[in-house]
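These notes concern the structure reproduced below.
The values are calculated or read from the model by the stated rules, or taken from the named source; none is laboratory data. Just so you know, these numbers come straight off a predicted model, no measurement behind them. Cβ coordinates were reconstructed from backbone atoms using ideal geometry, including for glycine residues, and neighbour counts include every protein chain displayed.
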Amino acid sequence: MCGIVGYTGKRSAAPVIVEGLKCLEYRGYDSFGLAVTDCESAAKSDAGGLAVIKKQGRISDAGRDVTLLNGNTGIGHTRWATHGVPSDVNAHPHTDCTGDIAVIHNGIIENYAELKRSLIAEGHTFKSETDTEVIAHLLEKFCNAADADGLIGEERIDFAVKSLMETLEGSFALLILIRGFSGLIAIKRFSPLVLGIGDEELFASSDMTPILEHTQKILFLEDDDYAYLMPEGIRVFSYPSGDAVEREVKTVDWDVESAKKGGYDFFMEKEIFEQPAVFVNSFRQSIDDKAVSVLKKASSITVVACGSSYHAGLVFRYLAEKYCKIPVRVEIASEFLNFAIAKGTAVIAVTQSGETADTLAALRHAKASGCPVFAVTNVLGSSVTRIADHVLYTRAGPEISVAATKSFIAQCAVLMRIVSVLGKGIFEKELFEIYPVLEETLLFDPAGASAVCKDAENIFYVGRGVYYPISLEGALKMKEITYIHAEGCAAGELKHGPFSLLTPETPVIAVCTKDASYPVMISNIKEMKARGAPVIAIGSAGDKDLKEIADIFIPLPKSENICEVISATIILQMIACNTAVLLGRDVDKPRNLAKSVTVI
Ligand code: AGP
């Protein structure tokens with residue numbers, strides 16, 4: 001997830017773009033760049049080209065030089081790397097061979113590798129490791145083809161844009177400058193892109209935040225729209241017809257802070273609602289053949305991780321052992337050095353930040369012991385990527401809230417992908433089609449469950465099988481943002497001690513879907529009820545029996561068991577988040593916690 005900003009109008013573009021990028025740093029901040037052109041000179045196609053500046057690092061640390069680029073039309077980008085580590089050369093904008101085309105991009109080009117190979121074969125030279133750079137070279141190719149056909153002006157641009165949209169697969173919000181075209185080109189497919197209409201000036205951005213500083217008149221593009229922002233105004237067209245379309249201009253009275261949160265009160269809420277796309281983007285990735293063969297050869301797999309990432313590792317264990325018959329251990333990273341490592345073990349570090357000191361130490365220990373080492377992480381170029389032999393990336397984008405939500409879901413997606421690949425495609429179809437199930441899950445209203453939880457001093461979360469780690473994760477969410485003591489427990493373990501803590505004031509949240517553990521889970525829930533504990537049960541759609549015995553029954557959307565694992569997790573996140581809101585907690589920055597624990 002990156003931040004993109006475009007401007008054309010009466011003012012110098014660079015200062016406006018730089019301030020806009022600073023508003024978008026929460027979307028990505030490992031590198032930044034701008035390209036500007038002077039509208040008048042751009043109109044004279046033999047005039048000066050594009051001025052481009054791009055660097056690794058945060059825009060907020062950039063010097064004044066970036067604001068001195070001269071031109072009243074420009075584009076700017078602040079990056080969250082997905083392809084190619086953070087570096088000057090991988091920063092956006094990306095240009096074609098001539099330097100006459102500059103592109104910035106938010107999204108993922110799924111077919112970039114084959115496009116890059118064919119462009120190289122046609123003589124294009126690439127500078128970066130990114131997927132985005134193929135877009136600049138494709139535009140160069142299509143503009144040259146338009147020239148050969150004698151197309152000029154807007155016809156030339158139309159041809160290039162439509163050819164590009166026909167060729168690219170994946171998600172993209174693009175802002176493009178093409179020398180000789182006196183405007184800004186905006187293209188939208190599956191990534192957010194909005195336009196702003198000011199007084200003799202026009203804006204484009206990944207979200208409204210930078211635009212609201214200047215105007216409240218917002219135009220929302222739709223998927224497969226492309227638009228030209230020109231001195232005379234905005235024109236929007238729809239691909240593939242090329243027909244001009246009218247998009248409603250709305251007056252938005254959000255302040256900048258609420259715009260950063262997409263209108264939600266907290267980043268945690270926003271990040272919970274990003275999860276359908278995050279899961280799909282993270283699951284739909286191929287895994288390097290070498291990595292697969294190393295895992296297949298391993299006598300066993302050990303996962304090392306902390307906190308939510310540790311819980312994701314436990315989810316992986318249940319699925320890998322069941323579907324791939326691979327022995328899996330999951331160790332809390334800070335305890336890992338106490339144990340011997342069996343010969344032939346492959347070790348996977350799961351870490352959102354890629355900087356958790358305990359996890360890094362554990363992985364270094366595994367590497368020093370001769371194990372093949374892997375990392376599942378959300379941050380390109382993070383420390384863990386420099387230790388691991390193989391890196392698999394979650395595609396969650398920056399997670400601002402301290403509590404892990406979308407990063408946990410993304411980790412589950414990647415780990416489920418590994419299981420699916422090692423398990424000869426097991427549940428690949430179901431998870432490829434999970435998006436609408438998760439969208440429906442987000443319709444859940446947590447008010448009833450939160451009302452029960454908010455006054456509790458202790459809350460138990462119970463489940464069996466894969467719902468044991470999901471219970472641990474649900475409890476962690478609740479305790480870390482509400483400060484209520486919450487404990488995850490294997491449902492079968494309650495009778496071995498925790499039962500003594502059950503009272504009518506001790507809610508139990510039980511995940512009890514219609515899987516193999518269902519009959520015994522029903523018995524466990526009846527035992528809890530018999531001790532007076534209020535039970536909030538999360539179960540499969542239409543489960544009348546569970547609804548009958550629970551105090552609150554939360555039905556999951558109708559789906560395969562494997563999809564219920566993710567939708568149940570989202571329900572637990574929503575209950576915790578809403579309870580914290582009811583208690584007036586600092587949801588995004590809970591006391592005593594840091595987003596990344598870089599000390600042992
Ligand atoms: C979970 O909500 C917390 N943010 C925390 O437990 C986190 O999962 C843990 O610190 C591990 O962080 P990492 O994934 O960046 O290594």
- Taking the condition closer than 18 Å to Phe172 by Cβ and without any contact (Cβ under 8 Å) to a residue 40 or more places away in the chain, does Leu151 pass? no
- Within the range 262-276, residues being within 27 Å of His83 (Cβ to Cβ) and either at pLDDT below 95 or within 16 Å of the ligand (Cβ to nearest atom) (or both) number 7
- Task: All but one of (1) among the β-branched types (Val, Ile, Thr); (2) over 23 Å from the mean Cα position of the chain (by Cα); (3) over 16 Å from Gly448 (Cβ atoms); (4) within 16 Å of the ligand (Cβ to nearest atom) hold for Thr598, so report the exception by its number.
- Result: (2)
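So which of Leu360, Leu380 ends up being surrounded by fewer than 23 Cβ atoms within 10 Å (Cβ to Cβ), touching a residue at least 12 places away in the same chain (Cβ under 8 Å) and farther than 19 Å from Val292 by Cβ?
Details: Leu360 fails: surrounded by fewer than 23 Cβ atoms within 10 Å (Cβ to Cβ).
It is Leu380.
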- Query: Within the range 416-424, is even one residue in a helix (DSSP H, G or I), touching a residue at least 12 places away in the same chain (Cβ under 8 Å), in contact with a strand residue (DSSP E or B) (Cβ under 9 Å, 6 or more places away or on another chain) and over 30 Å from Thr503 (Cβ atoms)?
  - Reply: yes
- Message: Just to be sure I understand, how many residues within the range 136-155 are within 18 Å of Pro240 (Cβ to Cβ) and crowded, with 20+ Cβ neighbours inside 10 Å?
- Response: 3
- Of (1) within 15 Å of the ligand (Cβ to nearest atom); (2) assigned to a helix (DSSP H, G or I); (3) surrounded by fewer than 24 Cβ atoms within 10 Å (Cβ to Cβ); (4) among the β-branched types (Val, Ile, Thr), Val330 fails just (2)
- Message: For Gly465, only one of the following conditions fails: (1) farther than 20 Å from Lys514 by Cα; (2) touching a residue at least 12 places away in the same chain (Cβ under 8 Å); (3) in a loop (DSSP other than H, G, I, E, B). What is its number?
- Response: (1)
- Message: Can you name every one of the strands (runs of 3 or more DSSP E) wholly within the range 334-404 that holds 2 or more residues which are within 16 Å of the ligand (Cβ to nearest atom) and β-branched (Val, Ile, Thr)?
- Response: 345-351, 373-377
- Message: Looking for something over 25 Å from Met478 (Cβ atoms) and under 27 Å from the mean Cα position of the chain (by Cα) - is there at least one such residue anywhere in the range 308-323?
- Response: yes
- Residues (more than 14 Å from the ligand (Cβ to nearest atom) and among the small types (Gly, Ala, Ser)) located in the range 405-426: Ala413, Ser420, Gly423, Gly425
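Evaluate the following for Gly354: is it under 19 Å from Leu295 (Cα atoms) and in contact (Cβ under 8 Å) with a residue 24 or more places away in the chain?
Taking the combined requirement at face value, the residue does not satisfy it.
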- Out of the range 65-87, which residues are under 23 Å from the mean Cα position of the chain (by Cα) and in a loop (DSSP other than H, G, I, E, B)? Trp80, Ala81, Thr82, His83, Gly84, Val85, Pro86, Ser87
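Conditions tested, residue by residue: (1) within 30 Å of Ile326 (Cβ to Cβ); (2) touching a helix residue (DSSP H, G or I) at 6+ places or on another chain (Cβ under 9 Å); (3) aliphatic (A, V, I, L, M).
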{"residue": "Ala413", "(1), (2), (3)": "yes, yes, yes"}
{"residue": "Val421", "(1), (2), (3)": "yes, yes, yes"}
{"residue": "Phe432", "(1), (2), (3)": "yes, yes, no"}
{"residue": "Pro436", "(1), (2), (3)": "no, yes, no"}
{"residue": "Glu440", "(1), (2), (3)": "no, yes, no"}
{"residue": "Gly448", "(1), (2), (3)": "no, no, no"}
{"residue": "Gly463", "(1), (2), (3)": "yes, yes, no"}
{"residue": "Tyr467", "(1), (2), (3)": "yes, yes, no"}
- Message: List pairs: first residue in the range 493-520 and closer than 21 Å to Ala451 by Cα, second residue surrounded by fewer than 16 Cβ atoms within 10 Å (Cβ to Cβ) and modelled with pLDDT under 95 anywhere in the structure, Cβ distance under 8 angstrom, at least six positions apart or on different chains.
- Response: Leu502/Arg531; Leu502/Gly532; Thr503/Arg531; Thr503/Gly532; Pro504/Gly532
- For the range 471-502, which residues satisfy the criterion of being out of contact with any Phe, Trp or Tyr (no Cβ under 8 Å at 6 or more places or on another chain) and buried (at least 17 other Cβ atoms within 10 Å of the Cβ)? Leu476, Lys477, Lys479, Glu480, Ile481, Thr482, Ile484
- Among residues belonging to the range 299-314 that are within 16 Å of the ligand (Cβ to nearest atom) and more than 17 Å from Leu392 (Cα to Cα), point out the one that is surrounded by the fewest Cβ atoms within 10 Å (Cβ to Cβ). Leu314
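Are any of the residues in the range 158-171 farther than 22 Å from Thr82 by Cβ, assigned to a strand (DSSP E or B) and in contact with a helix residue (DSSP H, G or I) (Cβ under 8 Å, 6 or more places away or on another chain)?
Scanning the range 158-171, I find no residue that is farther than 22 Å from Thr82 by Cβ, assigned to a strand (DSSP E or B) and in contact with a helix residue (DSSP H, G or I) (Cβ under 8 Å, 6 or more places away or on another chain), so the answer is no.
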- Query: Which condition breaks for Gly397 when tested against (1) at pLDDT below 95; (2) at negative phi?
  - Reply: (2)
- Message: It is to be established whether one or more residues within the range 479-499 are within 26 Å of the chain's Cα centre (by Cα), among the charged types (D, E, K, R) and either closer than 17 Å to Cys306 by Cα or assigned to a loop (DSSP other than H, G, I, E, B) (or both).
- Response: yes
